[in-house]
Amino acid sequence: QNKQLVDELAKKQMTVFAMDAIPRISRAQVFDALSSMANIAGYKAVIEAANHFGRFFTGQITAAGKVPPAKVLVIGGGVAGLAAVGCCKNMGAIVRAFDTREAVREQVESFGAEFLTIDMKESGEGVGGYAKEMSKEFIEAEMALFAEQCKDVDIVITTALIPGKKAPVLITKEMVETMKPGSVIVDLAAESGGNVETTRPGELHVHKGVIHIGYTDLPSRMPTQSSTLYANNISKFLLSIGSKDHFYIDLNDEVVRGSIVLHEGKLLWPPPPPKVSATPPPPPKPVVTEAKPSVATKQEAQVPDYFKETLKKSLLYTAGLGSIVGLGVVSPNPAFTTMTTIFGLSGIVGYHTVWGVTPALHSPLMSVTNAVSGITAVGGLLLMGGGVMPGTVPQSLAAGAAFISTINIFGGFLVTQRMLDMFRRPTDPKEHNYLYAIPALAFLGASEPRPPC
């Protein structure tokens with residue numbers, strides 16, 4: 001763009017790099033100045049639009065009335081376009097975005113914005129991560145889409161650029177005149193001619209009630225942030241040239257060769273076309289053909305017969321209850337029948353409490369069954385007889401029940417403590433709950449039965 005300046009630099013045998021020509025590959029992202037400045041431009045475009053827009057971006061319901069959210073259309077899904085989409089969504093606006101590259105859809109939708117499409121399949125993937133120039137039919141279809149959107153949206157932000165060419169005109173004068181009074185247009189492609197027919201590069205003006213922002217220096221309107229990011233880009237780019245102990249210009253390096261203009265006064269521009277293209281769109285889902293299952297597969301994949309399973313359980317319960325009734329008939333003592341019934345029901349409840357739970361939930365189960373274990377422990381204590389040692393078989397069984405219940409209670413508290421420790425931060429103060437065992441042991445020692453004097 002400035003051949004005279006390049007000629008003057010060549011006469012002085014200088015080596016010149018174009019920071020805006022660094023290839024857009026993964027390794028070069030840390031010193032991609034164009035992306036850094038485009039990110040700032042996209043953010044600043046939203047701030048400028050909000051400054052000149054006469055309403056809230058987010059919708060509100062107040063005592064004075066309902067305020068609808070602003071509707072924003074972002075044309076172009078590059079770095080600047082995605083920055084604008086993210087900023088608008090964070091401010092509460094309804095955001096719609098359009099790009100000729102299908103790979104941008106996922107990025108736009110990840111912000112929660114709507115990705116607009118047209119009824120025509122044509123790839124807009126260009127070389128080096130940029131969009132390419134589309135066919136006449138595609139342009140006519142997208143122009144019809146933009147004409148419809150301009151009647152509905154409040155803010156339009158355009159970012160469409162084609163490397164080495166004038167920016168395409170996507171919003172015509174007629175479309176602008178259909179927009180609502182007070183609407184705002186921010187043309188980030190103003191420096192290359194603009195995507196809006198009524199844009200005046202470098203100026204702020206109003207056309208038929210629609211505010212046009214055609215600033216070409218949006219990054220410099222945020223000087224602190226722009227200088228910081230640009231300094232990081234340049235420093236990391238210089239550090240990447242050559243080896244660690246020796247600085248030299250390696251023309252075999254893809255980033256160096258893609259951005260160098262002059263090497264010791266020799267013109268090396270333009271560089272060879274980059275080998276890396278933009279991220280391809282996600283592949284279509286493969287069509288799965290259903291194979292006819294074989295006879296063996298059909299037998300293996302038989303649906304379980306829930307009727308038979310339920311009938312089996314019902315017959316087991318019938319046999320159990322019948323056994324209880326039979327014991328009651330042959331038992332000489334009615335109390336025996338009562339105890340047997342309680343024992344059988346307790347076994348059924350215990351079985352379903354433990355075995356009916358998914359194994360992954362056994363740890364929380366141990367934590368919440370302390371109450372059940374406490375009841376069985378109290379029952380054992382009541383049947384132990386009160387002596388130091390059990391004297392009868394029932395008292396021995398009661399002592400065993402109390403001992404096993406105590407083990408379950410201890411395990412429940414241990415599992416609960418481990419579960420709580422999972423939510424404890426390293427900076428939290430330590431707990432010494434084990435010291436509460438002192439009063440418990442003292443109480444148990446004081447309540448120990450003594451022989452009469």
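Residue separation times 0.36 nm, minus the C-alpha to C-alpha distance between LEU383 and LEU315: what's the value?
Working: separation 68, 0.36 × 68 = 24.48 nm, distance 3.42 nm.
Taking LEU383 through LEU315 to full extension adds about 21.1 nm, to one decimal.
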Item checked: Mean shadow area of the chain over all directions, Cα convex hull, nm² -> 46.6 nm²
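Based on the Cα coordinates of region 3-223, what is the per residue volume of their convex hull in Å³? Write down the numbers at each step before the final one.
Numbers: hull volume 32.4 nm³, N = 221.
Enclosed volume per residue, from the Cα hull, is 146 Å³.
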Checklist line | Residue exposure sequence - HIS212, HIS352 - by fewest surrounding Cβ within 10 Å | finding: HIS352, HIS212
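Could you tell me the relative contact order of the chain? Use alpha-carbon pairs under 8 Å, at least six residues apart, and round to a whole percent.
Taking the mean separation of contacting Cα pairs over the length of the chain, I get 14 percent.
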Checklist line | GLU203 paired with ILE118, simple spin-label distance in nm, labels 7 Å along Cα-to-beta-carbon | finding: 3.0 nm
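Counting other beta carbons within 10 Å of each Cβ, put MET384, MET120, MET389 in order, fewest first. Could the numbers behind the result be given before it?
Details: MET384 19, MET120 12, MET389 9.
Result, fewest neighbours first: MET389, MET120, MET384.
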Notebook entry, point to check: By a straight-distance test (C-alpha under 27 Å), which lysines pair with LYS151 as possible cross-link partners, with residues fewer than eight away in the same chain excluded?
Noted result: LYS44, LYS66, LYS71, LYS89, LYS121, LYS136, LYS166, LYS173, LYS180, LYS208
Next item on the list: Measure off 7 Å from each Cα along the Cα-to-Cβ vector at ASP20 and GLU177, then give the distance between these two points in nanometres to one decimal.
Entry: 3.4 nm
Check: Taking R0 as 51 Å, what's the FRET efficiency between ASN2 and ILE61 from their Cβ-Cβ distance, rounded to 0.05?
Finding: 0.40
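Can you give the Rg/Rh ratio of region 358-442, where Rg is from the C-alpha atoms and Rh is the Kirkwood radius?
Working: Rg = 16.5 Å, Rh = 15.0 Å.
That ratio equals 1.10.
For TYR215, TYR436, what ranking results if the residue with the fewest other Cβ atoms within 10 Å of its Cβ goes first? Mind dumping the intermediate values first?
On the way: TYR215 21, TYR436 8.
Least to most surrounded, the residues fall as TYR436, TYR215.
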Notebook entry, point to check: Roughly how compact is region 66-122, stated as its Cα Rg over 2.2 N^0.38 Å to two decimals?
Noted result: 1.12
Margin query: Below 21 Å, Cα to Cα, which lysines can LYS244 reach? Residues fewer than 8 away in the same chain don't count.
Written below: LYS236
Notebook entry, point to check: At a Förster distance of 45 Å, what's the computed FRET efficiency of VAL393 paired with HIS352, Cβ-Cβ distance as r, to 0.05?
Noted result: 0.95
Notebook entry, point to check: Angle between the Cα long axis of helix 33-52 and the longest principal axis of the chain, 0 to 90 degrees, nearest 10?
Noted result: 90 degrees
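Suppose the chain between ILE342 and ALA141 were pulled fully straight at 0.36 nm per residue; how much longer would it get relative to their current alpha carbon spacing? Could the numbers behind the result be given before it?
On the way: separation 201, 0.36 × 201 = 72.36 nm, distance 7.95 nm.
Roughly 64.4 nm would be gained on extension.
Every number in this text was worked out from the coordinates using simple rules, so none of it is lab data. Computed from a predicted structure; not experimentally measured. Ideal geometry is used to build each Cβ from the backbone, glycine not excepted, and the neighbour counts take in all protein chains shown.
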